[in-house]
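These notes are about the structure you will find just below.
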Amino acid sequence: MSSSKAGRSIVQNIVVNTTGPRKRRSRLGNVPSLKEFVHKTTVLRQYRDFLKAVRLIPDDVDRKPVHMEVRDTFRKLSYETDELSVEMAIKDGERRLKQVQSMVGHRAATKDADSWLNIDDQEDPRGRVGVEWPWQKK
């Protein structure tokens, strides 16, 4: 009888403990949402592209002020929290990046010339290798 009484009190403790609100503990800590992750990667890609374009400026006297402006602008806007302002800053950054790239003669990555996908074959416009299946050979 004492064992059934002890068993009942354990069950009651479990029921009582599970009915209240639970605090969720994350093993990973403060993990950003997918939207925050995508936003962060977009901004970092844009910043790196700016730095690559600025690196192409031949004169050191002209390069340093542009580099400082890029860095200061990104730092200033890093504290922006309004969603609309952030989206506008990203769009403005894309526009300015295109301007800087066009001024310094930056070319976007081109297709690999050695790729089999770029083969210009009159007989096979899709660039496929082979004509027939191996088991269909006569």
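The values are calculated or read from the model by the stated rules, or taken from the named source; none is laboratory data. Just so it is clear, the model here is predicted, and its values are computed rather than measured. A quick note on method: Cβ atoms are made from the backbone with ideal geometry, for glycine too, and the neighbour counts reach across all protein chains shown.
Condition check ((1) in a helix (DSSP H, G or I); (2) at pLDDT 90 or above; (3) touching a strand residue (DSSP E or B) at 6+ places or on another chain (Cβ under 6 Å)) across all residues:
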residue	(1), (2), (3)
Lys5	yes, no, no
Lys23	no, no, no
Val31	no, no, no
His39	yes, no, no
Leu44	yes, yes, no
Ile57	no, no, no
Val70	yes, yes, no
Phe74	yes, yes, no
Met88	yes, yes, no
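Name the pairs whose Cβ atoms lie under 7 Å apart, with the first residue in region 69-84 and within 13 Å of Val43 (Cβ to Cβ), the second hydroxyl-bearing (Ser, Thr, Tyr), and 6 or more positions between them or separate chains?
Hits for this filter: Phe74/Tyr47.
Pick out the one residue from Glu132, Glu123, Glu80 that is touching a helix residue (DSSP H, G or I) at 6+ places or on another chain (Cβ under 6 Å), part of a loop (DSSP other than H, G, I, E, B) and either of a type in the set (Val, Ile, Thr) or at pLDDT below 90 (or both).
Numbers: Glu132 fails: touching a helix residue (DSSP H, G or I) at 6+ places or on another chain (Cβ under 6 Å); Glu123 fails: touching a helix residue (DSSP H, G or I) at 6+ places or on another chain (Cβ under 6 Å).
That would be Glu80, the only listed residue that is touching a helix residue (DSSP H, G or I) at 6+ places or on another chain (Cβ under 6 Å), part of a loop (DSSP other than H, G, I, E, B) and either of a type in the set (Val, Ile, Thr) or at pLDDT below 90 (or both).
Does Arg63 fit the bill of being assigned to a helix (DSSP H, G or I), at negative phi and either out of contact with any Asp or Glu (no Cβ under 7 Å at 6 or more places or on another chain) or loosely packed, with under 11 Cβ neighbours inside 10 Å (or both)? Before you say what the answer is, go through the steps one by one.
On the way: assigned to a helix (DSSP H, G or I): yes; at negative phi: yes; either out of contact with any Asp or Glu (no Cβ under 7 Å at 6 or more places or on another chain) or loosely packed, with under 11 Cβ neighbours inside 10 Å (or both): yes.
Yes: the conditions hold for Arg63.
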